[in-house]
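Accompanying notes for the structure given below.
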Amino acid sequence: MLVRLVLLIGLVGLACSDRDDVEGIPTPSSTPGPAATATPASTPDAFVGSARCAACHAQAAAAWQGSHHDLAMQPATPEAVLGAFDGRVVEEDGRRWRFVREGDRFRVELQEGEAAPTRLEVAYVFGVEPLQQLLVARPGGRLQALPIAWDTRPVEAGGQRYLDLVPDVSTPPGDPLHWDGSGASWNVQCAACHSTALVEGYDADEDRFETRMAAIDVGCEACHGAGSRHADAPGDVPMPVALARFEPGAWLRTSDARIATRLAPPTPDREIDVCAPCHARRSALVAQPAIGAALLDGYRPTLIEPGLYFDDGQIREEVYVWGSFLQSRMYAAGVRCSDCHDPHALTLRREGNALCTGCHAPAAYDGPGHHGHVVGSRGADCVDCHMPERVYMQIDARRDHAFLVPSPQRSRALGAPDVCRGCHAERDADWLSDRIAAWRAAGGRPEGPRAHWSDALVAGPDAGRWRAIAFARDATALVRASAQLRLAQAGDAAPDFDSLARVADTGEDLERLAAIEQARTLDDALRIELLAPRLEDARRAIRIAAAEALLDVPPTAMQPAARAAFARARAEHRAALEATSARPASQVGLGLLAERSGDLAAARAAYHRALTIEEHFVPALVNLADLDRAAGDEAAALDGLRRAVEAAPHEATPRYGL
C-alpha cells in the first residue's frame, strides 16, 4: 500500500523573531558554492556582484536599479520597510498581530490562542508592488513569511493597509500553511527566485538550514551567470550567459501585411531557459541549477495540468507565465520575453495598444472593426480580451500569457472563464457569440477565428480527443506534452506503442518527458524497450523520470547496458531528492528508494524526517504504517493511519489501509 510520489513539488505558499535569540539568519556571501554557469570552464567563475557589473554596463545597471528584481528582497531597514509599524493590530484566524518599531528595528508581537506571546523580528522584506511581505527569523536558520502583508497601493486604490493573504482559511499550528510551517518557509518556497545563486543548505539530520546566496536580490549574475572571469578580462571572456541584444528591427511588417514576421529565428529557447526557472511552476533537480542551461537539465516543470489550468489552457492557480506563454501562437511565431519586456527595467517596451501594434497592423487590429468596442472604452485595449487578469494573494492581478481569442461557446463547454462575461455578466454565451460573429462579418471576417487546440475538447475531453491533441503538429510542444500527460493521468490503458516510441525518441524535450508518464501503463518488457534509451537522454529531468518509471521493474530483466544506465539514472534520481531534501515529498521519495533496495531502516528514517518537516504529511504516515504492519506492529500501523485520516479525511488511501 505504498504511496508513490514522483518528484513534482510545486511552488506552494507565501513569499516568506528575534534576531537577538535566533542564529543563522541568511546573509549574502561572495562564495555561495560552485559557480552556476551554462558554459563549462577550466577555472570556475565566481560571483562578483552587480556593483562591479555597473562599472562598465552603466545603462543596464541604471535601468535595473529600483526594478522589481532589484527590490525582490531587502534587509528590513527604515528605507526598505513600507508598512506601518506604529502599534496597529491585525487579527486573523485566532491570532493577534501587533506591528511595532523600536529605533531602526521592526518587530511583530504575536498572540496565538492561549500560547505565550511570541516576539518576532522582521529580518527582511519581500517584494514591493502591489504588496510587501515580511520575513521573520526563526530557529534553525529559517526565515518564515508572515500571512499578513502590507498593501503598497495608494489609499485611493484601497491600499496602505495590512491584509490577510489567506482569509477564510484556517491554518492552525501543525498545518503546512501555518505561518511557522513548511509552506511558509522562505528557505524552501521563495528564496531561490528572490536572490542570486541561492543554496538552500538544508541539513536533514539536524533539521536546520545554512542558506546562502551570492546577492540578496535578483542581480545581473542571476540571469547572466557568475562573472569573475568576464570582469577580469571583459574583452576576451564573455559572460557565461550572454544573451543577444534586443533589436527592434528583428521583426518586419510590410505595408500590406497584417502581422510582422521575424527576420531570423531566435536562438533556440536560450532566453526562455533563463527566465523560466523563476517564471514557471517547477521543481529543482540539483542544489544549484546551471544558469542559462536547458530548463530540463535543472528542473522538472509543471505542464497544463487539471487544477492548475483550465481545460482551454487559461491559468487557474499560481503557475506564473511560462506555462501559458509556451502554448501561445506568439511563442510559436518566435516572440520572446524581451520583445515586450525590458529585461533590466522589467517595464513594457511601449504603453497600451502601442505595444501590440508594433507588430500587429493598427488599421487591422486597433479599431472597432476588430474588437467591437468604442475606442478608449474597456474592451478596446488588446489585453482586456487577449490577456485577462487573475488575482492572487488578494490584490496581485496577473495576466494570462496564452493570448487566447475569446470564445464564449468554448468557455462554457469547458468550464473555463469567459473573458466577455467579465464585463457582460448578464449575457449568455449564445448572445455573446452572435454579437462577435456580427461584428466580424461587418469587418469583412465572416470566417471566424482560427481554431484553438482546446476546440477538440468541446464535445467532451475523452481520451481520443486528448490523443488527437498529443499528436497535433499545429499545437506547441507544451500542449502536445500536456495532452500526453492527461492521457497518463486518466489511466489510458492502451497507448499506441509505435506512436509513443516515436515521441519518446524524437519528440521535443517536454514531449519526451510526458511520454515517460504514459509509458507507466505498459508491461515490463515494453516499458524497458521504450525507456531504456531515455535513461541516457540529454536532459536530466528525462533521465530521472525514466528511472522512476522503471523502479518496479527487476534490473535483471534489463540488458547489461540498460542496467548500467538505469543505475546511473537512479543515482541522479537520488541526488535530486537529496538536493531538495527540505521537502517532505523528497524524503518520502528517498524512503521509497531505500525500500526498493531492501534498507527498511533507512526508509523508516526518511519517513520520520518527512514528518519532522511536516508532521501530518499523509504519504509518510501511510508508508510508515505499511512498515509497521509488515513488522507485526499493528497498533502502531493503525495509529499512523488514523493520524493520516484525521489530516486528510477525503483521502482514500489511509481509509483503505484501516
Magnitude of the Cβ-charge dipole of segment 197-341, K/R +1 and D/E -1, about the Cα centre, nearest 20 debye? 800
Using modelled backbone amide H atoms (1.01 Å from N, in-plane), which distant-in-sequence or interchain residues come within less than 5 Å of ARG212's amide H? VAL199
Modelled FRET efficiency - R0 45 Å, HIS424 with ARG262, Cβ distances, 0.05 increments: 0.80
Answer check: segment 463-559, Cα atoms, Kirkwood Rh, Rg/Rh ratio of 0.95
Descending principal axes extents, segment 172-328, alpha-carbon based, whole Å: 64, 51, 23
The chain, helix-only ellipticity at 222 nm - DSSP H runs n ≥ 4, -39,500 (n - 2.57), divided by all residues, nearest 500: -9500 deg cm²/dmol
Bins of 10 Å from zero: percent of alpha-carbon pairs in segment 538-630: 17, 44, 30, 8, 0
In whole Å, largest first, what are the principal axis extents of the Cα atoms in segment 11-242? 64, 49, 32
Can you list which of the GluC sites (Glu not before Pro) found in segment 178-228 are DSSP loop residues with at most 11 other C-beta atoms within 10 Å? GLU206
Work out how far the C-alpha atoms of the chain reach from end to end along every principal axis, then list the three figures in whole Å, largest first. 77, 70, 62
For segment 252-289 and segment 596-651, distance of Cα centres in Å: 43
Segment 113-220 - Rg over Rh from alpha carbon coordinates, Kirkwood radius: 0.99
So for R0 = 51 Å, FRET eff. of LEU252-ALA115 from the Cβ-Cβ r, to 0.05, ends up at 0.20
In whole Hz, the Karplus estimates of ³J(HN,Hα) for segment 222-231 (6.51, -1.76, 1.60; θ = phi - 60°; x where Gly or Pro) are 5, 10, 9, x, 5, x, 5, 5, 5, 5
Where does the charge balance sit around ARG427 when Lys and Arg score +1, Asp and Glu -1, over other residues with C-beta under 11 Å from its C-beta? -3
Extension gain, GLU389 back to VAL89 (0.36 nm per residue minus Cα-Cα distance, nm): 104.8 nm
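Read-outs throughout are calculated quantities, based only on the coordinates presented, and are distinct from any laboratory measurement. Bear in mind the structure is a predicted one, so any value in this text is a computation, not a measurement. No Cβ is skipped: glycine too gets one built from the backbone with ideal geometry, and neighbour counts run over all protein chains shown.
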